[in-house]
Structures are given as C-alpha cells and as structure tokens.
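> Shown below is the structure under consideration.
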Amino acid sequence: MAGTLFLVATPIGNWEDITLRALRVLNEVDLIVFEERKEGSRLLRHYGIEKPVESLNEHNEAAATHVILGRLKEGSSVALISDAGTPVFSDPGQVLVRRALELGIKIVPVPGASSLLAALIVSGFPLREFVFRGFLSPKKERRISDLQQLKREHRTIVLMDAPYRLVQLVRDIADVFGATRRICVAFDLTLPTEQILHGTAPELHKLFAKEERKGEFVVLLEGTGK
C-alpha cells in the first residue's frame, strides 16, 4: 500500500509559528524532504527532529521526484517542507505533487504561517479579490512590461521578489504606476525587525534608497477599484 505525502508549512521567520500538527507530522513520518540542506537542517535541528532526509530543489527536481515517489510507492510516509512557509507555493514540488496524484498517492496539506495572507490583512487594501502575481522578471525591461500590464488591474496586487531587488522593484512601480497609487511593503514578517510600511511608490522608493534593507518582503499595490 502506498504511503502518504504531507505538504507541511513551516515558519516564515518566527520559530514560534510552527503548528503542533506540523511538529507531530514531522516527528512521525519516515522521510523529510527539504529544499536547501542548510535551511532544512537548521529547522529540524531547532525542533530536535532527527529523521532521514532528502533534498528537492530547482536543480534536482526531476531526479529527486523519482526517488521520493519510489519511497511513497513502497509505503513510506513523506513530509515535504520548503525553506520557509508553504511548500510548492512559489517553490519546487509541483512535479512531485502532480506525479503523486497521477499514481493515486494520498496527499495531505498541513497549513501554517503565510507571508501572503499576513501581508494582505495588514495592507488596508480590499481583500474580496486580489491578484497574486508573485515574482516578476529579474530583467528590467520584462519587469516594466509586466507592471504595465498590471497598471489597470482593479484588484489588489501582490508581488514578491528577492531581498536585493527591493529598491529596483519599488522604483519601477513608481515609474509605471505614478505618484499617487498607494502601496504597502511588509518587511521581515513575524521577525523582531518586522515593518509594515504604507505610502506611495515614490515615497517608499526614496526611503528604501536611503536606508538599505536586506530582509524578505511582500509588496501590495492598491488596485484601480480601491
């Protein structure tokens, strides 16, 4: 009989945000699959969890998926975690999930902390509808084109990016969306350095250009519908 694949959400920064269910599952499964060895090992070490491990990331996804499916077909229970937050969502793992579904393997989500939802509820923008656009292109020309397509969007827009591209992203938002569109930047969510900043894109670009920030962030843009 095939085993079960658990998709386990882990803290996005604050260690206290792990759920009791997540800890139980991680302690009970036969195998834990993490994204990057350094981050995965640090998390398991923090909670005192010792289990056989495998890695699955953008560099080895095909090969790792084959190995993990083999363990599941043998009857092992497997927990997939990402470096932070919910696995598969903007992270590797979709190939594994699709193949597991095709094989009839049971998949169980174990929800937890989410930077997306945390940022949305503190933004002050309408939440009945929103657009998760995620990571834009690292290339300026493509990023500008993507933003131009979003300019007339009436729903709240959610963007993410690498920490070192915060200034460039907010600058491009200011250039495309103009001086009056409001944005919210949720910075280092759940950590002692957490900041929730509201203003126009030009205002926040001026601030970030002056005071360098290196942490994780989520950017929310007010839609035209307000």
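> Which condition from (1) part of a helix (DSSP H, G or I); (2) touching a strand residue (DSSP E or B) at 6+ places or on another chain (Cβ under 6 Å) is the one that H198 breaks?
Going through (1) part of a helix (DSSP H, G or I); (2) touching a strand residue (DSSP E or B) at 6+ places or on another chain (Cβ under 6 Å) one by one, H198 breaks only (1).
> Examine segment 173-194 for a residue that is assigned to a helix (DSSP H, G or I) and either within 30 Å of W15 (Cα to Cα) or under 23 Å from the mean Cα position of the chain (by Cα) (or both), and state whether such a residue exists. Even if it seems obvious, please write down each step before you answer.
Applying the first criterion (assigned to a helix (DSSP H, G or I)) to segment 173-194 yields 173-177.
Filter once more, so that each one left must be either within 30 Å of W15 (Cα to Cα) or under 23 Å from the mean Cα position of the chain (by Cα) (or both): 173.
Yes: segment 173-194 contains one or more residues that are assigned to a helix (DSSP H, G or I) and either within 30 Å of W15 (Cα to Cα) or under 23 Å from the mean Cα position of the chain (by Cα) (or both).
> How many residues does segment 121-149 hold that are of a type outside the set (K, R), over 13 Å from D175 (Cα atoms) and out of contact with any Asp or Glu (no Cβ under 7 Å at 6 or more places or on another chain)? Even if it seems obvious, please write down each step before you answer.
Filtering segment 121-149 for residues of a type outside the set (K, R) gives 121-127, 129-132, 134-138, 141, 144-149.
Next, only the ones that are over 13 Å from D175 (Cα atoms) stay: 121-127, 129-132, 134-138, 149.
Those left that are additionally out of contact with any Asp or Glu (no Cβ under 7 Å at 6 or more places or on another chain): 121-124, 126-127, 129-130, 132, 134, 138, 149.
Residues meeting the conditions: 12.
> Name the residues in segment 147-165 that are loosely packed, with under 14 Cβ neighbours inside 10 Å and either under 22 Å from the mean Cα position of the chain (by Cα) or assigned to a helix (DSSP H, G or I) (or both), would you? Outline the logic, then answer.
First pass over segment 147-165, keeping only residues loosely packed, with under 14 Cβ neighbours inside 10 Å: 148-149, 152, 154, 162-164.
The answer is Q148, Q149, A162, P163, Y164.
> Tell me yes or no: at least one residue of segment 39-46 is free of Cβ contacts under 8 Å to residues at least 24 places away in the same chain and surrounded by 15 or more Cβ atoms within 10 Å (Cβ to Cβ). Walk me through it before giving the result.
Residues of segment 39-46 free of Cβ contacts under 8 Å to residues at least 24 places away in the same chain: 41-42, 44-45.
Narrowing the set further to residues that are surrounded by 15 or more Cβ atoms within 10 Å (Cβ to Cβ) leaves 44.
Checking segment 39-46: at least one residue is free of Cβ contacts under 8 Å to residues at least 24 places away in the same chain and surrounded by 15 or more Cβ atoms within 10 Å (Cβ to Cβ).
> Which of the residues belonging to segment 20-31 are over 20 Å from S90 (Cβ atoms) and either modelled with pLDDT under 95 or crowded, with 18+ Cβ neighbours inside 10 Å (or both)?
Of segment 20-31, the ones over 20 Å from S90 (Cβ atoms) are 20-21, 23-31.
Selection gives V25, L26, V29, L31.
> Which residues, counting only those in segment 135-165, are in contact with a Phe, Trp or Tyr (Cβ under 6 Å, 6 or more places away or on another chain) and either of a type in the set (S, T, Y) or under 16 Å from L207 (Cβ atoms) (or both)?
Scanning segment 135-165 gives a single hit, T156.
> Of everything in segment 141-164, what is over 22 Å from T180 (Cα atoms) and not acidic (D, E)? Give them in sequence order. I'd like the intermediate steps shown before the answer.
Taking segment 141-164 as the starting set, the residues that turn out to be over 22 Å from T180 (Cα atoms) are 141-142, 161-164.
If the condition is that a residue be over 22 Å from T180 (Cα atoms) and not acidic (D, E), then R142, A162, P163, Y164 are the ones that fit.
> Let me ask something else about it. If you scan segment 170-198, which residues turn out to be under 23 Å from S145 (Cα atoms), surrounded by fewer than 16 Cβ atoms within 10 Å (Cβ to Cβ) and not polar (S, T, N, Q)? Lay out the reasoning, then the answer.
Of the residues in segment 170-198, the ones under 23 Å from S145 (Cα atoms) are 170-185.
Narrowing the set further to residues that are surrounded by fewer than 16 Cβ atoms within 10 Å (Cβ to Cβ) leaves 175, 178-180.
Passing the criteria: D175, G178, A179.
> To continue, here is another question. Filter segment 150-208 down to residues that are free of Cβ contacts under 8 Å to residues at least 24 places away in the same chain and among the small types (G, A, S), then give me how many there are.
So the count comes out to 3.
> Considering only residues that are at pLDDT 95 or above, closer than 17 Å to E35 by Cα and not in a loop (DSSP other than H, G, I, E, B), which ones fall in segment 67-93?
Result: V67, I68, L69, V78, A79, L80.
> From the list L120, L101, L127, exactly one residue is without any contact (Cβ under 8 Å) to a residue 24 or more places away in the chain and either surrounded by fewer than 20 Cβ atoms within 10 Å (Cβ to Cβ) or not in a loop (DSSP other than H, G, I, E, B) (or both). Which is it?
Numbers: L120 fails: without any contact (Cβ under 8 Å) to a residue 24 or more places away in the chain; L127 fails: without any contact (Cβ under 8 Å) to a residue 24 or more places away in the chain.
Result: L101 is the single residue among L120, L101, L127 that is without any contact (Cβ under 8 Å) to a residue 24 or more places away in the chain and either surrounded by fewer than 20 Cβ atoms within 10 Å (Cβ to Cβ) or not in a loop (DSSP other than H, G, I, E, B) (or both).
> Quick test of your reading of the structure: E54 fulfils all but one of (1) without any contact (Cβ under 8 Å) to a residue 60 or more places away in the chain; (2) touching a strand residue (DSSP E or B) at 6+ places or on another chain (Cβ under 8 Å); (3) in a helix (DSSP H, G or I); (4) not assigned by TED's automatic domain parsing to the domain that holds T190. Name the failing condition by number.
The failed condition is (3).
> Moving on. Return the residues of segment 47-74 that are surrounded by 16 or more Cβ atoms within 10 Å (Cβ to Cβ) and more than 23 Å from the chain's Cα centre (by Cα); say none if nothing qualifies.
Within segment 47-74, L69, R71, L72 qualify.
The values are calculated or read from the model by the stated rules, or taken from the named source; none is laboratory data. This one's a predicted model, so the numbers in the text were calculated from it and none came from an experiment. Reconstructed Cβ throughout: ideal geometry from the backbone, glycine too, with neighbour counts over all protein chains shown.
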